[in-house]
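J.: Please read through the structure below; I'll follow up with questions.
The values are calculated or read from the model by the stated rules, or taken from the named source; none is laboratory data. It should be emphasised that the depicted structure is a prediction, and the values quoted were computed from it without experimental measurement. Glycine also receives a Cβ, built like all others from the backbone with ideal geometry; neighbour counts cover every protein chain displayed. Please note that ligands, DNA and RNA were not included when accessible areas were found on the heavy atoms of the full protein model with its side chains. Shrake-Rupley method; radii C 1.70, N 1.55, O 1.52, S 1.80 Å.
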There are 2 protein chains.
Amino acid sequence: MYQSFDDESDSGAVPGRLQAFREELAARKLDGFLVPHSDEHQNEFLPASAERLRFLTGFTGSAGVAIILTKAAALFVDGRYSLQARAQIPDLFEVLQTPEAKASGWLKDNLPGGGAIGYDPKLHTVKEIERLTETLAKADIALKPQPTNPTDLIWRDRPAPPAAAVVPHPLEFAGRSAKEKLVEIRETLAKDKVDAGLLTLPDSIAWLFNIRGADIAHTPVALAFVLVSASGKASLFIDATKIGDNVRGHLADVAEIVSPGELEGRLTALGKSGALIRLDPETASMHFKQALEAAGAKIVFGDDPCILPKAIKSEAEIAGARAAHLRDGAAMARFLAWLDENASGGNVDEISAAERLEEFRRETGKLKDLSFDTISAAGAHGAIVHYRPTRATNAKIDPGTLFLIDSGGQYADGTTDVTRTIAIGQPTAEMKRHYTLVLKAHIAIATARFPKGSRGQDLDPFARRPLWDAGLDYDHGTGHGVGSFLSVHEPPQRLSRHGSVELKPGMILSNEPGLYREGGYGIRLETLILVTAPARIEGGDREMMAFETLTLVPFDRRLIDASLLSPEELRWLNTYHAEMREKIGPLLGEQDRSWLAGATAPMN
Amino acid sequence: MYQSFDDESDSGAVPGRLQAFREELAARKLDGFLVPHSDEHQNEFLPASAERLRFLTGFTGSAGVAIILTKAAALFVDGRYSLQARAQIPDLFEVLQTPEAKASGWLKDNLPGGGAIGYDPKLHTVKEIERLTETLAKADIALKPQPTNPTDLIWRDRPAPPAAAVVPHPLEFAGRSAKEKLVEIRETLAKDKVDAGLLTLPDSIAWLFNIRGADIAHTPVALAFVLVSASGKASLFIDATKIGDNVRGHLADVAEIVSPGELEGRLTALGKSGALIRLDPETASMHFKQALEAAGAKIVFGDDPCILPKAIKSEAEIAGARAAHLRDGAAMARFLAWLDENASGGNVDEISAAERLEEFRRETGKLKDLSFDTISAAGAHGAIVHYRPTRATNAKIDPGTLFLIDSGGQYADGTTDVTRTIAIGQPTAEMKRHYTLVLKAHIAIATARFPKGSRGQDLDPFARRPLWDAGLDYDHGTGHGVGSFLSVHEPPQRLSRHGSVELKPGMILSNEPGLYREGGYGIRLETLILVTAPARIEGGDREMMAFETLTLVPFDRRLIDASLLSPEELRWLNTYHAEMREKIGPLLGEQDRSWLAGATAPMN
C-alpha cells in the first residue's frame, strides 16, 4: 500500500538525542539552534533521511520548527498539529501554536540577554532567514550559519538518501518538449540579463526536463538541482545512479548530468567570474546566497522561472487531467457504492475505508501513488481539518454520523484530489442544512465567471458568502493549485484571501469549501477545477473566464436540502450529476452503474 | 451657488507662461521640472492659489501631472480626463493617459542621455519621490529638489492664499472632545516612542481639534499643519487671521496657535535636539523629510495617526449621519418629483437640473456646501464616469434617455453622496436589464454579512458578480470612505480590488456599482453605508458585521425588471422603499409625499 497507518514516533530516544545535540552546541559555543521540518528543496513530503525534526523531537507532523537552547526547547506547530505534537513529544519541549506564538518572541523571552543561535543555511530560505535576522537583531540575538548540521553528526542510524530511478515523462502527457521549455525559461532569464539561473525546487526540475522520480512519497520528483546557463545545455546535478540510459537519451539534447558534489565548485567558478545569477529568495536556501556571494557572484532575486509556466497546463496536460479524472471518478464511484453497501452495518472503520479506496484506485491499473495520505475521518474526526488516521486513532464509521474522505491519486496523465462527505445512516436536519450551505459555497465557485486579471482573492469570497449569511465560515483557503503528475499542492495560484496571483487559462485549482463542528462533524466538498479561456457571453461586452469542473464524483443527495438551493444552483447540480452518468457510467460494472444512477438522479 | 459651471481654462496664456517657466529652468541648469496637481497638503480640491498645473497648462481637471522639459512637455492624466485635457490644453503638450503611459517611461524616452529634473519637494509625498527616484536612476535621470517653485516666481496675478475663518465643530456632532482625541493620538505616538508627530492633512487636523474651515471648496477644512509633541499642548500652525476668539477659546486646552512661518524653525530646533519624529510617507511632503533630516532629526515612518480613528465614526457622528441623510433624502425626493414633472417636456438641461437640486438642498436651511461638484449627466454623458457639466457641454435631458445625477451635501452633522439614474420617458428593455443588473450589484453589497477582519477587497467581488455573470463590468471601485462633515472621499477604507484595509464598525463607505455604455448611457446607483457591529445570526456560530444603508432615496421602479431579482433581492428593495415612505414621507409636502408613495410602491 502507498499509505501507512502506523504512527512511527520513537520519542523514547529523544532525551538521549537531545543531550548529544546540546553537547554539539556547547562545542560550537552556540546558545541554541533552529531545527525546521524543511529539507534542502523545501519539499512538502520528506525522504526519511531528511526527517531531522522527527529524529530530534519525535513529532511526525508535516510542518513545524523546533528551537533547542542549552536549557530550554520548544516546538512550534500550527493549529492542526498542536494536539498531536503534545501527545507525541516528551516534556523536554514546550509545544507552542503558531501564528499566535512566534519563534522570535519565545527566543527573546528565553534569551533575555541576547545570544547566538545556529542554523543550517541549507534548510531555510533566503527570505526566512532575512526576516528572522531582522526581528532577532532588536533583541541582540544573532543567527549564525553552520557549515555542518549537528543533527547529522549525532544521527547514527540515519537512513540513506533516496536514490529512486528517474523516468522520462512522455511528451504525450507533458505536451511540450524539454527543449521548448528550456527556450522559454532562458527568455525569462534573458530579461534580467543574468548569466545563469539556479533551480532548487524538484517539481520545477521535473517539469522543465519532463522527468519524474520517486525520491519522496506522493510527489513523483527526484531530488536534484539545476543550473540553467544563458546558452548551451543546462546542468542537472543529480546522483548518477538514478539516471538510466533511457533518461540519459531523453535528456541528451538539453542537459548534462553532473554529480551533486560538483555543484559547489560550479557555483564558486561562476562567482569568481563575477557572474550574475538569478535566485528565488522565497524557495532557494540561504546556503546558495551565501555560497554565491562568498565566491563573488552577483545575485538577481526573482521567482523560480518555472513556477508560472508549470502552473499553466498544456493542452496535453489538460487532456490528461480530464482522462485521469474519469478513471479516478470511476474508482470513487465504486468506493462510494461499496461504502453505501457496507458502512451502515457498522463494519467499516477509517483505515479499512481508506485501504478499500486505495484498492479501487489500484484496480484502474494506472495508479502510480496516492497524491497524499488519505484523510479518512469518521464523525468528530472530520472536524480536525488535517486529520489522518493512525492505528491509534482509527475509529469506526457509525450510523448517524458523517464520514469525510479527502484523497487523490497520482497517474501519469494527471493528479487528482477529491473530498466528499457522506451520510452514514439517517442524517439530522442540521447536517443537511450545513451540507447544503457548503454545497452552495462549492457551486458559487464552480459557476463563477470572471474577467482577465482576476486573482484568487477576488473569487474566494463567493464561496464564503452562503456561510457568512448564516453566521458560519471555515478557517482555511478555498483552493490550492494542483500539478500535472506532480505536487498536489502546487503554487503560485490559490483561492484564498491571500491569493494575489492572477488566474490564467490552463491553471488547475481545488474548490474545497468546508464547515467544521468541533466534537461533531466536518463537511468538506472538493473538486478540481480548470480555468478556461475568456469567452463572450450573450448580451455582454467583455469576455469572461470560467471554471471547468474536472472531478466527476457525486454529491450526497441524502444530505442536500433542495429547498435551500436557487433554481440556478439546482440546475448546476443536476447537470453535473447527469455528466457523471454519461461519462463515468460506462466505466462501471452493472451494479455500480445502477448505484450511480440512483446517486445522481435529478433533484427538484 | 456652490457650484460654478463655467469652464475657467485660460489656455491662451499658456505659451507665454511656458516660455517664462523654461527660462527659469535654464537659469537653474535643469533639464526639466515636475508640475503635479497636488498642493502642500495633498488636498483633493485646491484653493485657486495652488492651481499651478492649471496656470501652466490650461487643464482644469482635478488630477494629473505635467513634465516640462526644455523642448518637450507632456501632461499625464487618467482615463476620465484624457478627452478633456486634449480639448483644453495647447499642442505644446503631449497628453498621455495613465496608467498605460508612465511619466518615468516618457522621461527616459525624452532624455535618452539622462539629465536633471527639478521638483518642488512641498508638492510631492515622500513615497512618490522615492519611487520615482528609484525608477529614474536606472536611466541616469536625477531628481533635484528646488527651494523655490519656478511657477510661483512667474505667476504675477496669483490669487492670495485662502484665509477663511475657522469655526468650532460642536461636540454634539463630533461626539468626542479634542482633548480626548489628543490623548488617543499621543498613545499611538507613544508606541513608537517618538518625541512628536507631524500632521499635514487638513482633514486630520479638523478632526483632531473639532474645527472646520472654508479654505477650499466642498471640504470644510482650514489649511494648517500640526506638531503633536509627546506632552503639553499641540502646536497648530495656522494664519492667525483665520482664528477668532471663539476658536481660540475652543482650542485653549489643547493647542497653541503658531504662525505658519514658524514651522520651519520649530522643525529645525527639534532636529537639532536629535528628536524622533513620526511622519506619514504616503501623505506628508518630501520637504518635511528633507528639512527634518537636514536638521538632524530621526524620522519614524508611520500612517498619519488620525486617519484610522477619524474613519471610525463616533456615536454622535453616526446619529448625525442618519439625520443628515433624512434631510438630504427629503431634498432628493423633492428633486426627483420635480424632475418627473418637468423633464419629460424636454425643458430641463444638465445645469438647470443641478441648480434645482442645489436649491432643494439649500431649502433645508442646513446646507453648508455641496460635497463635490454635481455630476449631472444626460444620455451619453452618463458614460463618462467623472463628467461635470459646463456651459460648453451642457446638454438637454431628452425623453428616451437615462439621466445620471451624482451629488451630495455638506451639513454640520454629516456628509452625503448619492447617485441615482432616472428614466426620462420610456426606457428600452436593455436599459431596464442593465439597470436591474446594477441594482443587483448594489443589493449584493447592501445585504452582505462578513466576519471581523474582512477587508473591502473581500466584498467588492459581491457587487461585480451579477455583472460578470452577464459579461459586463465597471472600471472603478465599488466604494470609498466618507468623512463626517469632512472629505467626501476619505481614506483609508474602500470597497475595491485594492481595498486592503479592514472594515471596522462605525466606518462609512459608498456603495456605487455602475455600468457604462459609451455613446449610449451610464448607470450608477450609489448610497452611503455604515459598517455595523458584529452580531449573532440565528443558527450561526460566528458573529458577522453588516451594512446599514444611510441614504434614503428611491430607485427608479420604471427601470427595474423585477423578474431578474431573486425573492431576497425583491424583499430588500421593498423594505428599503418602505423605510423611505415611513421616514422621508413625513418631511415632505403633500404633493411630494404622494409622488414618493408611487415611487416606492411595492414591486413583485
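J.: Enumerate the helices (runs of 4 or more DSSP H) found wholly within region A:106-187, keeping only those where 2 or more residues are among the aliphatic types (A, V, I, L, M) and open to solvent by less than 60 Å² (accessible area, probe 1.4 Å). Please lay out each step first, then the result.
T.: Details: elements: A:126-137, A:150-154, A:171-174.
It comes to A:126-137.
J.: Also, quick follow-up: Within region A:523-549, which residues are in contact (Cβ under 8 Å) with a residue 24 or more places away in the chain, closer than 22 Å to residue A:332 by Cα and either more than 14 Å from chain B (Cβ to nearest Cβ) or charged (D, E, K, R) (or both)?
T.: Once the filter is applied, which keeps residues that are in contact (Cβ under 8 Å) with a residue 24 or more places away in the chain, closer than 22 Å to residue A:332 by Cα and either more than 14 Å from chain B (Cβ to nearest Cβ) or charged (D, E, K, R) (or both), region A:523-549 yields A:524, A:525, A:526, A:527, A:528, A:529, A:530, A:549.
J.: Within region A:265-283, restricting attention to residues that are part of a loop (DSSP other than H, G, I, E, B) and of a type outside the set (S, T, N, Q), which residue is surrounded by the most Cβ atoms within 10 Å (Cβ to Cβ)? I'd like the intermediate steps shown before the answer.
T.: Start the filter on region A:265-283 by keeping residues that are part of a loop (DSSP other than H, G, I, E, B), which leaves A:273-275, A:280-283.
Still in the list and also of a type outside the set (S, T, N, Q): A:274-275, A:280-282.
Values: A:274: 11, A:275: 20, A:280: 24, A:281: 18, A:282: 15.
Ranking the qualifying residues of region A:265-283, first place goes to A:280.
J.: Here's another thing I want to ask about it. Please go through (1) surrounded by fewer than 20 Cβ atoms within 10 Å (Cβ to Cβ); (2) part of a loop (DSSP other than H, G, I, E, B); (3) at pLDDT 95 or above for residue A:262 and return the number of the only condition it doesn't satisfy.
T.: Among (1) surrounded by fewer than 20 Cβ atoms within 10 Å (Cβ to Cβ); (2) part of a loop (DSSP other than H, G, I, E, B); (3) at pLDDT 95 or above, residue A:262 violates only (2).
J.: Among the candidates A:238, A:216, single out the residue that is farther than 22 Å from residue A:288 by Cα and of a type outside the set (Lys, Arg).
T.: Working: A:238 fails: farther than 22 Å from residue A:288 by Cα.
Checking each option against the conditions leaves just A:216.
J.: In region A:326-343, which residues are closer than 21 Å to residue A:382 by Cα and surrounded by 17 or more Cβ atoms within 10 Å (Cβ to Cβ)?
T.: Selection gives A:332, A:333, A:335, A:336, A:337, A:338, A:339, A:340, A:343.
J.: Still on this structure: List the residue pairs whose Cβ atoms are under 7 Å apart, where the first residue sits in region B:582-604 and is at pLDDT 95 or above, the second is polar (S, T, N, Q), and the two are 6 or more positions apart or on different chains.
T.: Close Cβ pairs (under 7 Å, with a partner that is polar (S, T, N, Q)) amount to B:602/B:574; B:603/B:574.
J.: Residue A:46 versus (1) over 30 Å from the mean Cα position of the chain (by Cα); (2) crowded, with 18+ Cβ neighbours inside 10 Å: which is the lone unmet condition?
T.: Only one criterion is unmet by residue A:46, namely (1).
J.: Then there is this: Kindly evaluate residue B:392 against the criterion of being in a loop (DSSP other than H, G, I, E, B), surrounded by fewer than 24 Cβ atoms within 10 Å (Cβ to Cβ) and small (Gly, Ala, Ser). Reasoning before the result, please.
T.: Working: in a loop (DSSP other than H, G, I, E, B): yes; surrounded by fewer than 24 Cβ atoms within 10 Å (Cβ to Cβ): yes; small (Gly, Ala, Ser): yes.
Judged against the criteria, residue B:392 is a match.
J.: With in a loop (DSSP other than H, G, I, E, B) and touching a residue at least 40 places away in the same chain (Cβ under 8 Å) as the only criterion, which of B:190, B:222 stands out?
T.: Values: B:190 fails: in a loop (DSSP other than H, G, I, E, B).
The unique qualifying residue is B:222.
J.: Which one of these does residue B:60 not meet: (1) in contact with a strand residue (DSSP E or B) (Cβ under 6 Å, 6 or more places away or on another chain); (2) hydroxyl-bearing (Ser, Thr, Tyr); (3) over 18 Å from residue B:33 (Cβ atoms)?
T.: Unmet condition: (1).
J.: Can I ask one more? Here is a check on your reading of the model: is residue A:440 over 23 Å from residue A:335 (Cβ atoms), within 26 Å of the chain's Cα centre (by Cα) and more than 8 Å from chain B (Cβ to nearest Cβ)?
T.: Details: over 23 Å from residue A:335 (Cβ atoms): yes; within 26 Å of the chain's Cα centre (by Cα): yes; more than 8 Å from chain B (Cβ to nearest Cβ): yes.
Taking the combined requirement at face value, the residue satisfies it.
J.: How about region B:457-570: which strands (runs of 3 or more DSSP E) wholly inside it have at least 3 residues that are under 25 Å from residue B:336 (Cα atoms)?
T.: Working: elements: B:508-511, B:514-517, B:521-524, B:527-531, B:545-549.
Because the criterion is at least 3 residues that are under 25 Å from residue B:336 (Cα atoms), the strands (runs of 3 or more DSSP E) in region B:457-570 that meet it are B:508-511, B:514-517, B:521-524, B:527-531.
J.: May I pose another question? Which pairs have Cβ atoms under 7 Å, sit 6 or more apart or on different chains, and link a residue in region B:27-38 that is under 13 Å from residue B:142 (Cβ atoms) to one that is open to solvent by 10 Å² or more (accessible area, probe 1.4 Å) and charged (D, E, K, R)?
T.: Cβ pairs passing all conditions: B:30/B:144.
J.: Hey, another quick one. In region B:447-466, what count of residues is obtained for those that are buried (at least 23 other Cβ atoms within 10 Å of the Cβ), under 22 Å from residue B:567 (Cβ atoms) and more than 9 Å from chain A (Cβ to nearest Cβ)?
T.: 1
J.: Of the residues in region A:495-506, how many are crowded, with 24+ Cβ neighbours inside 10 Å and either away from chain B (no Cβ under 14 Å) or under 12 Å from the mean Cα position of the chain (by Cα) (or both)?
T.: 0
J.: With respect to residue B:566, is the statement that it is under 25 Å from the mean Cα position of the chain (by Cα) and within 14 Å of another protein chain (Cβ to nearest Cβ) true? So that I can check it myself, show each step before the final result.
T.: On the way: under 25 Å from the mean Cα position of the chain (by Cα): no; within 14 Å of another protein chain (Cβ to nearest Cβ): yes.
No, not satisfied.
Rundown of residues vs (1) over 22 Å from residue B:423 (Cβ atoms); (2) in contact (Cβ under 8 Å) with a residue 12 or more places away in the chain; (3) in a helix (DSSP H, G or I), yes/no style:
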position: B:353; (1), (2), (3): no, yes, yes
position: B:358; (1), (2), (3): yes, yes, yes
position: B:361; (1), (2), (3): yes, yes, yes
position: B:381; (1), (2), (3): no, yes, yes
position: B:387; (1), (2), (3): no, yes, no
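J.: I would also like to ask the following. I'd like the full set of residues that are within 17 Å of residue A:285 (Cα to Cα) and in a loop (DSSP other than H, G, I, E, B), limited to region A:1-44.
T.: Passing the criteria: A:37, A:38, A:39, A:40, A:41, A:42, A:43, A:44.
J.: Looking at region B:233-254 only, could you name the residues that are free of Cβ contacts under 8 Å to residues at least 60 places away in the same chain and either among the aliphatic types (A, V, I, L, M) or in a helix (DSSP H, G or I) (or both)? Spell out how you get there, then give the answer.
T.: As a first pass, look at region B:233-254 and keep what is free of Cβ contacts under 8 Å to residues at least 60 places away in the same chain: B:233-237, B:240, B:245, B:248-249, B:252.
Once the filter is applied, which keeps residues that are free of Cβ contacts under 8 Å to residues at least 60 places away in the same chain and either among the aliphatic types (A, V, I, L, M) or in a helix (DSSP H, G or I) (or both), region B:233-254 yields B:234, B:236, B:240, B:245, B:248, B:249, B:252.
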